[in-house]
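Okay, structure first, notes after.
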Amino acid sequence: MSIRIPLANTNNVMSRNLVKQMASDGFLPVIALEAFVEAGRTYQAYQRGGFDEARERITEEFSGAVFWLGGVTALNWLFEKLGQKMLKLPKTVVDIASDDVRKPLDNYLKFEKTKDGAQILEKTMAKFKFAKVISSVLIANAFIGFILPKINQAITRSYHKQKPQEQNINNQNFNPFNQRPSIDTFAGKNKDKNDDKKDVSFGLNLLSIANKFESDRNYKLLAVDAGTASGRAYSARNNDERVEILFRDLSSIYFYMFNMANMNNWLNKLEQKGNGSRLDPVSAEFATKYMQGYFEEKGVDKVNAEVFAREFLGKNGDIPESLKGKFAGEKIKIINLDIFKEELKHLVPESELKNYEQIAEKMSQLQPQIKGISILTENQVKDVLNGGHINNPEFLKEFYKNRFGNKFMDKYKYVAQNDLDAIKKELLDYVNSIIDTARKSDTKEVTAKLLRKASNHNLKMNAINWGSGFVISALFLSTIIPKLQYQITKWRTGSNEFPGTAQYRQQENKVS
């Protein structure tokens, strides 16, 4: 029995999309946090240091955030354009990450030529990508860590030279929030995850290093964080300000990039008896619509849990012994599609062979060919042999689109196979949770009502768990860290005043 497959992104309501994006490893969660950081830190700065510190803080937070969040990405784009002109590279931009299933660079080197028809060399690409990302990181670091602090300090000096008597730290007429820039100005881009293993030249894995900084959000932000903290500390006007900067910047890293994911994992484990992952609400709704289609095709509103499990999950068998020696791959086992189709002749009845071959061909299209050769992963081979509605390649194609777009099928783009396997596991966990709930019920049946309840519960728990992490991160970044930062200065100096303008207060005291 075939089930009507919903099209990707047709069932995404705003609440589900918002929770999905906040749960992603992209830039949106960090951008959203930045709104609270700017508001909280500017307010805390004004409470302690008045106009001077509040003005410096909003300038630093807003300008720094633009470069921190988008600087490396924007500079990468600029250097790609320069590379196309200087090295005569084609306009196609290739991801350089790879695993055993997806090899965008290998496809690029095989199918693309320079604009004058010359072969593109792997060594050329490695040096170009490495130089591009390192230059992008260094420029972003230089701006946030060295140029911006000097500009900020120069503005403060200018204020004090022009109106020294008006820069009283107790000035109550200034409201920093009337001039606070909008978070809508920010722009972030999602990139994909990692795993590259090419060894190029000089004993350095240039492609691997370049890939990390080009495609992984955390590597981009951490690289800029390292330069930012050291640059700001170097540019500080005195040791008290330097200590504050280092404490603030270094302690903020965890709450910007890791706390939300960790909180979600811990809370999921508490609720799901040790399982720290959970299907995102958009994918859960898509899967629910697919399962509802199963009821519609049958013309019923309930099915025995064991029947439902058998028809959705398939046979749950392992790889046949005769196939195990046919796989290649270093970390992820893969098999040539033609070899698998040849082996199928010995594994399935002749009457069913054509159907299995068609399913295998559709399954192989869930990843691009590697230099013109179609392949299947070990898990995909299991799915073909086991059957089950949840392993239908036509369904999986639309299911993966909800999470990754079309990139996972693009020969020049990279989506880690581990990420696809992870979301497939979350899907299986979601379906199994529905089956387990049905088995524990009095009727032992999966019903349309149970499906709706499962999807709504998934949305609620994703929102609570990710929301809890967001609130804690926002609280620490906007309020607790600044307060601790100020307390450290008070312990060190006995004063609760802004150390950045200490010299101006001393000058004004001498004048008075």
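Given the Cα atoms of segment 397-464, and with Rh set as the inverse mean 1/r over their pairs in the Kirkwood sense, what is Rg to Rh to two decimals?
A ratio of 1.10.
Return the subset of Lys362/Lys397; Lys315/Lys382; Lys273/Lys331 for which the Cα-Cα distance in this structure is over 19 Å, preserving the input order.
The answer is Lys273/Lys331.
For segment 239-255, what does the Karplus curve 6.51 cos²θ - 1.76 cosθ + 1.60, with θ = phi - 60°, yield as ³J(HN,Hα) per residue in whole Hz, taken in order and with x for Gly and Pro?
5, 5, 5, 4, 5, 4, 4, 5, 5, 5, 5, 6, 6, 6, 4, 4, 6
For Glu445, what residues show an amide H to amide H distance below 5 Å, using hydrogens built from the backbone and excluding near sequence neighbours?
When sequence neighbours closer than 5 places are left aside, the close amide H contacts are Ala305.
Residues of segment 365-386 with amide nitrogen under 15 Å from the 7 Å Cα-to-Cβ point of Asp106?
Output list for this probe position: 367-378.
Relative to the longest principal axis of the chain, what angle (0 to 90°, nearest 10) does the C-alpha long axis of helix 217-235 take?
10
Full-extension gain between Ile155 and Asn304, please, as 0.36 nm times their residue separation minus the C-alpha to C-alpha distance.
This chain segment gains 46.4 nm when fully extended.
Quick one: if the Förster radius is 30 Å, what FRET efficiency do Trp491 and Leu270 give, using the C-beta to C-beta distance and rounding to 0.05?
0.20
Quick one: net charge around Pro320, please, counting Lys, Arg +1 and Asp, Glu -1 for every other residue with C-beta under 13 Å from its C-beta.
Its environment carries a net charge of +1.
Whole-Hz Karplus ³J(HN,Hα) for segment 329-344, in order, using 6.51 cos²θ - 1.76 cosθ + 1.60 and θ = phi - 60°, x for Gly and Pro?
Calculated HN-Hα couplings, in order: x, 8, 10, 10, 6, 10, 9, 4, 4, 5, 5, 5, 5, 5, 5, 4 Hz.
What is the packing order of peptides 292-301, 73-82, taking the mean over residues of other C-beta atoms within 10 Å and listing the highest first?
Highest-to-lowest ranking by the protection proxy: 73-82, 292-301.
What list of whole percents do you get for P(r) of segment 354-471, with Cα-Cα distances grouped in 5 Å bins up to the one holding the largest distance?
With 5 Å bins starting at 0, P(r) equals 2, 9, 16, 19, 17, 14, 12, 7, 3, 1, 0.
Which percent of Cα-Cα pairs in segment 241-306 sits in each 10 Å bin, short to long?
16, 23, 24, 17, 10, 6, 3, 0
To the nearest 10 square angstrom, what accessible area does Leu33 show with a 1.4 Å probe?
0
With the Cα gyration tensor of the chain in hand, give its eigenvalues times 5 under a square root as the equivalent ellipsoid semi-axes, listed largest first in whole angstrom.
52, 31, 17
Quick one: helix 206-215 against the long Cα principal axis of the chain, what's the angle to the nearest 10°, folded into 0 to 90?
Tilt of helix 206-215: around 80 degrees.
Return the calculated 222 nm mean residue ellipticity for the chain, to the nearest 500 deg cm²/dmol, obtained by summing -39500 (n - 2.57) across DSSP H runs with n ≥ 4 and dividing by the residue count.
Theoretical 222 nm ellipticity from helices: -21000 deg cm²/dmol.
Can you compute the FRET efficiency between Thr92 and His457 using 1/(1 + (r/R0)^6), with r the Cβ-Cβ distance and R0 = 41 Å? Round to the nearest 0.05.
0.40
Order 252-258, 223-229 from most to least packed using the mean count of other Cβ atoms within 10 Å.
Per-residue mean Cβ counts within 10 Å order the peptides as 223-229, 252-258.
At 1.4 Å probe size, put Met461, Met409 in order of accessible surface, largest to smallest.
Ranked from most to least accessible, the order is Met409, Met461.
Using only the alpha-carbon atoms, how far is helix 350-364 inclined from the longest principal axis of the chain? Give it as 0 to 90 degrees, nearest 10.
It is inclined by approximately 10 degrees.
The values are calculated or read from the model by the stated rules, or taken from the named source; none is laboratory data. All values derive from a computational prediction rather than experimental measurement. Positions of Cβ are generated from backbone atoms using ideal geometry, with glycine treated the same way; all protein chains shown enter the neighbour counts. Protein only, heavy atoms only, side chains kept; ligands, DNA and RNA dropped before computing areas. Shrake-Rupley method; radii C 1.70, N 1.55, O 1.52, S 1.80 Å.
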